[in-house]
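> Handing you a structure now.
The values are calculated or read from the model by the stated rules, or taken from the named source; none is laboratory data. All values reported here derive from a predicted model rather than from experimental measurement. Here the Cβ positions follow ideal geometry from the backbone for every residue, glycine too, while neighbour counts run over all protein chains shown. Heavy atoms of the whole protein, side chains included, go into the accessibility calculation; ligands, DNA and RNA do not. Shrake-Rupley method; radii C 1.70, N 1.55, O 1.52, S 1.80 Å.
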Amino acid sequence: MSRIGVAFDKARADGRAVLVGCMPAGFPTVEGSIAAMTAMVEAGVDVIEMEIPYSDPVMDGPVIQKASDIALASGVRTADTLRIVEAVAATGAPVVTMTYWNPIEQYGVDAFARDLAAAGGTGLITPDLIPDEADEWLAASDAYGLDRTFLVSPSSTDARLKMTAEHCRGFVYATAIMGVTGARAETSDAAPILVSRTREVTDLPVGVGLGVGTGAQAGTVAGYADGVIVGSALIRCLLDAPDQATGLAALRALSAELAEGVRTPIR
Amino acid sequence: MSANANANASAPAGRVPDAAGHFGRFGGRFVPEALVAALDELDAAYRKAMTDEAFLAEFDALLRDYAGTPSLLYSAERFSAKAGARILLKREDLNHTGAHKVRNVLGQALLTKRMGKKRVIAETGAGQHGVATATAAALFDLECVVYMGEVDTRRQALNVARMRMLGATVVPVTTGSRTLKDAMNEAMRDWVANVDDTHYLIGTAAGPHPFPEMVRDFVRGIGEEARQQCLDLTGALPDAVAACVGGGSNALGIFHAFVPDTDVRLYGFEAGGEGVETGRHAASITGGTSGVLHGTRTYVLQNEDGQTIESHSISAGLDYPGVGPEHAWLHDSGRATYAPVTDTEAMAAFELLCRTEGIIPAIESAHALAGALKIAPTLAAELGREPVIVVNLSGRGDKDVHTAGEYFGILDKE
């Protein structure tokens, strides 16, 4: 079983959800992003979702776009992101990489899978790669034993939900709302329905993302999902801070609040 | 029934693209799962419409009575004398809204109505596609939101005013490079969030399947008309067809009917900007590499890490770092030839057409004219006679008067 699978099993045994925290690689710098992801793990984030910054992130809202732009402007390269995976994986937390497809295609799909596995990454979340177009990635992830997380959406038909889940390994990513990433005041009514529809077609754990920003929201999502995925709200801690120390302190505080949230599921 | 409807009703030959929208190794769908259902719905509606006599009749009537097609094929004698070739201009500049784009927006607006959606969104660079979309939205009583890079809203203030007059909301995009590609990102984000009641009216033959194939089919009347008009006028097919290529809808529109005529050379002229060697250009096929951008696999201007590089062209309509996947395939298969035309070459051709024919072309179309001037001597030598070249005059130059005036230094100082 994949390390992510182990993390989900352990959380399930503890009667709680897994907390997945997202941070762009190289934001604000390579070292800064390693410090941020390490702080998140220390404060209770179970799994790190490291996003490779991309110039045209169509699934992301303004917060992640801005952080990605800052990372790219600081000069982060795809090869650097592998170094970040290695450093963060050394904390012991599983590190899964979220990436738009073009950077992987340019690095070389097989070469990236090989190097990601060597760096200790668990696999990829692919927001703009659907299984229909993924032959090369299916082969490479099999060859190097990496997890594959494709997205399911409230608009997915039952047939697509089943097909997509069958191609996943590790966990399934359920996009809770129709829309881009970013913290919202309310989490979605569509999310519990999507999670239960997904559970009907797979035994894999289901993580819910898009919109979670507080401990209470994390608790709500933990009430019906196996994993709570938080991105923009964590990133904002760094974006809004006047300096790195303040940012990391805010990041730790929110991580701890979210970690508490996933341990008090509201059912 | 017009040539357009007849051809649309015929079975697609050889299945390119395949059912999943692949043109060889290009095309396909690189999109969030959230959009797949809408793309499937669109694909089904489009395929049904293309075999539905009522839809085709309505589309043809709109093209004829509202857009003013078939556009003329005009033998440009004085320009031809300078070119050393017989130049036949496909006058898409005379269409309502001033460009070939009206064909695509009318087709997609009709489909939007059939799908029961009440809102259309669009991206625009120079504003031409935005104006065309706002026009169709007014005609069909659809809510219309146009995303436009903030840089472009300032460069093209007049088109912003036009869209607003037509009832559209123009949203300046302040992310990324604040130009067309970012407007497209923002439109995609809107679509993901509002896909239930919204159709994304993409302005060129790019994006995820079925857009490249569908947009081509809505504009392929250009080539069908031109082919017949050329036969009627000269008794033969042309030796070559030339068009400018940004995203590539006008070029595909005029190429498509000629693709089976293997004796007819097809030339696509990309925006060479300040020269492909300078890196400041928008020539995705000549100066780019294979990659994934905006939902499709095609030639892309990108760095080694797959980050999109900003394009440069004096023509806002060609200023895009990607190209429709069918062009990528036509290039790889060798059926069409792609070459860059610099800003300087395009503006020289722009001036020549103004002075010889009394026609002010869009700067986009001036790239096709410049390309025709470049290939004419070679073709003449090869054929041993004056070649006949059909040039797609895809749009009129009214929108470019300010840019051209500055370029030629003919604006009075304030």
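> Of the conditions (1) closer than 22 Å to B:Ala38 by Cα; (2) open to solvent by 40 Å² or more (accessible area, probe 1.4 Å); (3) more than 7 Å from chain B (Cβ to nearest Cβ), A:Tyr100 satisfies every one except a single condition; which number is it?
It fails just one condition, (2).
> Of the residues B:Thr356, B:Thr296, only one is open to solvent by less than 20 Å² (accessible area, probe 1.4 Å), within 23 Å of B:Asp398 (Cα to Cα) and of a type in the set (Ser, Thr, Tyr); which?
Just one listed residue meets the conditions, B:Thr356.
> Residue by residue through the range B:299-320, note down the ones that are more than 12 Å from chain A (Cβ to nearest Cβ), outside any helix (DSSP H, G or I) and open to solvent by 30 Å² or more (accessible area, probe 1.4 Å).
B:His312, B:Ile314
> Applying the selection to the range A:217-267, what residues are out of contact with any Cys (no Cβ under 7 Å at 6 or more places or on another chain), open to solvent by 20 Å² or more (accessible area, probe 1.4 Å), at pLDDT 95 or above and aliphatic (A, V, I, L, M)?
Residues satisfying the conditions are A:Leu238, A:Leu239, A:Ala241, A:Ala245, A:Leu248, A:Ala249, A:Ala253, A:Ala256.
> Quick check on my filter: what residues within the range B:14-51 are part of a loop (DSSP other than H, G, I, E, B), open to solvent by 40 Å² or more (accessible area, probe 1.4 Å) and on the phi < 0 side of the Ramachandran plot?
Listed by number, the residues that qualify are B:Val16, B:Asp18, B:Ala19, B:Ala20, B:Arg25, B:Thr51.
> Right, next: Can you tell me how many residues within the range B:229-271 are crowded, with 24+ Cβ neighbours inside 10 Å and in a loop (DSSP other than H, G, I, E, B)?
Adding up the residues that qualify gives 4.
> Quick test for you: out of B:Ala5, B:Ala11, pick the one residue that is under 30 Å from A:Ala134 (Cα atoms), more than 14 Å from chain A (Cβ to nearest Cβ) and at pLDDT below 95. Don't jump to the end; show me each part of the working.
On the way: B:Ala5 fails: under 30 Å from A:Ala134 (Cα atoms).
Checking each option against the conditions leaves just B:Ala11.
> In the range B:211-228, what residues are farther than 27 Å from B:His294 by Cα and either among the hydrophobic types (A, V, I, L, M, F, W, C) or open to solvent by less than 10 Å² (accessible area, probe 1.4 Å) (or both)? Full working, then the answer.
Restricting attention to the range B:211-228, the residues satisfying the condition of being farther than 27 Å from B:His294 by Cα are B:224-228.
If the condition is that a residue be farther than 27 Å from B:His294 by Cα and either among the hydrophobic types (A, V, I, L, M, F, W, C) or open to solvent by less than 10 Å² (accessible area, probe 1.4 Å) (or both), then B:Ala226 is the only one that fits.
> Can you tell me how many residues within the range A:47-97 are crowded, with 24+ Cβ neighbours inside 10 Å and assigned to a helix (DSSP H, G or I)?
9
> Among (1) of a type outside the set (S, T, N, Q); (2) open to solvent by 10 Å² or more (accessible area, probe 1.4 Å); (3) out of contact with any Leu (no Cβ under 6 Å at 6 or more places or on another chain); (4) under 13 Å from B:Ala168 (Cβ atoms), there is one condition B:Gly127 misses while meeting the rest; what is its number?
Failed condition: (2).
> Run down B:Val341, B:Val323 and say which single residue is assigned to a strand (DSSP E or B), open to solvent by less than 30 Å² (accessible area, probe 1.4 Å) and of a type outside the set (D, E, K, R). Full working, then the answer.
Values: B:Val323 fails: assigned to a strand (DSSP E or B).
Sole residue among the options that is assigned to a strand (DSSP E or B), open to solvent by less than 30 Å² (accessible area, probe 1.4 Å) and of a type outside the set (D, E, K, R): B:Val341.
> Report yes if some residue within the range B:236-257 is more than 14 Å from chain A (Cβ to nearest Cβ), touching a residue at least 12 places away in the same chain (Cβ under 8 Å) and at positive phi; otherwise report no.
First, pick out the residues of the range B:236-257 that are more than 14 Å from chain A (Cβ to nearest Cβ): B:236-257.
If we keep only those that are touching a residue at least 12 places away in the same chain (Cβ under 8 Å) as well, we get B:236-257.
Filter once more, keeping what is at positive phi: B:248.
Yes - at least one qualifying residue is present in the range B:236-257.
> Among what's in the range A:19-35 and is among the aliphatic types (A, V, I, L, M) and closer than 17 Å to A:Leu254 by Cα, pick the residue that is most open to solvent (accessible area, probe 1.4 Å).
Step one: of the range A:19-35, the residues among the aliphatic types (A, V, I, L, M) are A:19-20, A:23, A:25, A:30, A:34-35.
Then keep just the ones that are closer than 17 Å to A:Leu254 by Cα; that gives A:19-20, A:23, A:35.
On the way: A:Leu19: 1, A:Val20: 3, A:Met23: 0, A:Ala35: 36 Å².
So, considering only residues that are among the aliphatic types (A, V, I, L, M) and closer than 17 Å to A:Leu254 by Cα, the one most open to solvent (accessible area, probe 1.4 Å) is A:Ala35.
> Moving on to the next point. So is A:Leu204 in a loop (DSSP other than H, G, I, E, B), within 20 Å of the chain's Cα centre (by Cα) and over 24 Å from B:Glu41 (Cα atoms) or not? Spell out how you get there, then give the answer.
On the way: in a loop (DSSP other than H, G, I, E, B): yes; within 20 Å of the chain's Cα centre (by Cα): yes; over 24 Å from B:Glu41 (Cα atoms): yes.
Against the criterion (in a loop (DSSP other than H, G, I, E, B), within 20 Å of the chain's Cα centre (by Cα) and over 24 Å from B:Glu41 (Cα atoms)), A:Leu204 qualifies.
> Run A:Val206 past the list (1) modelled with pLDDT of 95 or more; (2) open to solvent by 10 Å² or more (accessible area, probe 1.4 Å); (3) touching a helix residue (DSSP H, G or I) at 6+ places or on another chain (Cβ under 7 Å) and report the number of the one that doesn't hold.
Unmet condition: (2).
> Test A:Thr38 against the stated conditions and say whether it is away from every other protein chain (no Cβ under 14 Å), of a type in the set (Val, Ile, Thr), open to solvent by 10 Å² or more (accessible area, probe 1.4 Å) and part of a loop (DSSP other than H, G, I, E, B).
Details: away from every other protein chain (no Cβ under 14 Å): yes; of a type in the set (Val, Ile, Thr): yes; open to solvent by 10 Å² or more (accessible area, probe 1.4 Å): yes; part of a loop (DSSP other than H, G, I, E, B): no.
Here the answer is no, as A:Thr38 does not meet what is asked.
> Considering every residue within the range A:151-167, establish whether at least one is surrounded by 23 or more Cβ atoms within 10 Å (Cβ to Cβ), within 14 Å of chain B (Cβ to nearest Cβ), over 19 Å from A:Val228 (Cβ atoms) and among the β-branched types (Val, Ile, Thr).
Yes, there is a match, as at least one residue in the range A:151-167 is surrounded by 23 or more Cβ atoms within 10 Å (Cβ to Cβ), within 14 Å of chain B (Cβ to nearest Cβ), over 19 Å from A:Val228 (Cβ atoms) and among the β-branched types (Val, Ile, Thr).
> Out of (1) within 11 Å of another protein chain (Cβ to nearest Cβ); (2) farther than 17 Å from A:Gly227 by Cα; (3) open to solvent by 10 Å² or more (accessible area, probe 1.4 Å), the odd one out for A:Ile177 is which?
Only one criterion is unmet by A:Ile177, namely (2).
> Quick test of your reading of the structure: B:Met163 fulfils all but one of (1) within 18 Å of B:Ile202 (Cα to Cα); (2) open to solvent by 10 Å² or more (accessible area, probe 1.4 Å). Name the failing condition by number.
The number of the failed condition is (2).
Residue-wise test of (1) away from chain A (no Cβ under 14 Å); (2) under 15 Å from the mean Cα position of the chain (by Cα); (3) of a type in the set (Ser, Thr, Tyr).
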{"site": "B:Glu186", "(1), (2), (3)": "no, no, no"}
{"site": "B:Arg189", "(1), (2), (3)": "no, no, no"}
{"site": "B:Ile202", "(1), (2), (3)": "no, yes, no"}
{"site": "B:Phe211", "(1), (2), (3)": "yes, yes, no"}
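> Only one of A:Gly145, A:Gly211 is open to solvent by less than 40 Å² (accessible area, probe 1.4 Å) and of a type in the set (Gly, Ala, Ser); which? Write out each step before concluding.
On the way: A:Gly145 fails: open to solvent by less than 40 Å² (accessible area, probe 1.4 Å).
Answer to the selection: A:Gly211.
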